[in-house]
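See below for the structure under consideration.
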């Protein structure tokens, strides 16, 4: 698969959109962006995702993560996919409003047949994505984040018992990681220290670091801080809320420290970010 930089024709920062026939990738492990959504446009292909087989046909959908082991074993001559490639930044914004159970579900069940999600929805979703790409400028990024969120929420709606049958067969280390992910969303407003979460999980910070890097490809502190940045962005989108109020709500010592934290993680000042959303 092409990398994010090779397929970046969307005009949206941190997102690439394109069409791929995978002619040169058959039989080779694919290099992936942080999150990849593939929707089959034509033909069919035999995929292997994390050593499990999937036969993809028109309007079927695959959701792949950066650490997935993915191989196209064979494909028809007319096979092609619409590709939506996201880097960490925009994927984190998309994930912020989604149920935590979705992520553990996708880690085990990345493939969705057209009949499950409805071909009509897939076509409508792609058409709207194209309109956002072609006709929107000022709010393009916000709209595409919301649009991708809608796709994943549709998956939640159309998959009865989301996560049912997938949690019980997790190893203990996997279960700890998903519990850590859930705890971050609950406590990050008050707690930004790794030791706090390790304590709730009854493990050492060192072991939590090992598990987090193994399953999420990131250090625990990176995941915590990323969630805090999203909380800051959410509050900055509320124009009547002062920076001092945000600092107090998120338990920063003062507005200055909040600003330094935000700029260190995003490269932008609080005022610049807020102006960019105006």
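Mind checking which residues of the stretch 230-278 are over 19 Å from residue 188 (Cα atoms) and either assigned to a loop (DSSP other than H, G, I, E, B) or within 22 Å of the chain's Cα centre (by Cα) (or both)?
Hits for the stretch 230-278 are 238, 239, 240, 241, 242, 267, 268, 269, 273, 277, 278.
Yes/no matrix, rows are residues, columns are (1) exposed (fewer than 12 other Cβ atoms within 10 Å of the Cβ); (2) in contact with a strand residue (DSSP E or B) (Cβ under 7 Å, 6 or more places away or on another chain); (3) over 22 Å from residue 140 (Cβ atoms):
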{"site": "240", "(1), (2), (3)": "yes, no, yes"}
{"site": "245", "(1), (2), (3)": "no, no, yes"}
{"site": "253", "(1), (2), (3)": "yes, no, yes"}
{"site": "257", "(1), (2), (3)": "yes, no, yes"}
{"site": "268", "(1), (2), (3)": "no, no, no"}
{"site": "276", "(1), (2), (3)": "yes, no, no"}
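Go through 124, 95, 130 for me and flag whichever is closer than 30 Å to residue 171 by Cα, in the same structural domain as residue 63 (by TED's automatic domain parsing) and without any contact (Cβ under 8 Å) to a residue 12 or more places away in the chain.
95
For residues that are assigned to a loop (DSSP other than H, G, I, E, B) and under 21 Å from the mean Cα position of the chain (by Cα), scanning just the stretch 117-159, find the one that is modelled with the lowest pLDDT. Full working, then the answer.
Applying the first criterion (assigned to a loop (DSSP other than H, G, I, E, B)) to the stretch 117-159 yields 118, 136-139, 159.
Next cut, under 21 Å from the mean Cα position of the chain (by Cα) only: 139, 159.
Numbers: 139: 87, 159: 82.
Result: 159.
Tell me, please, whether a residue that is free of Cβ contacts under 8 Å to residues at least 60 places away in the same chain and closer than 24 Å to residue 65 by Cβ can be found in the stretch 235-242. Lay out the reasoning, then the answer.
Filtering the stretch 235-242 for residues free of Cβ contacts under 8 Å to residues at least 60 places away in the same chain gives 235-242.
Then drop every residue that is not closer than 24 Å to residue 65 by Cβ, which leaves none.
No; the residues of the stretch 235-242 include none that is free of Cβ contacts under 8 Å to residues at least 60 places away in the same chain and closer than 24 Å to residue 65 by Cβ.
Of all residues in the stretch 65-91, which are surrounded by fewer than 20 Cβ atoms within 10 Å (Cβ to Cβ) and assigned to a helix (DSSP H, G or I)?
88, 89
Consider residue 189 against the criteria (1) surrounded by 15 or more Cβ atoms within 10 Å (Cβ to Cβ); (2) closer than 23 Å to residue 98 by Cα: it satisfies all of them except one. Which criterion is unmet?
Result: residue 189 fails condition (1) only.
The values are calculated or read from the model by the stated rules, or taken from the named source; none is laboratory data. Source: prediction; values computed, not measured. When we count neighbours, we look across all protein chains shown, and the Cβ atoms used for this are built from the backbone with ideal geometry, even at glycine.
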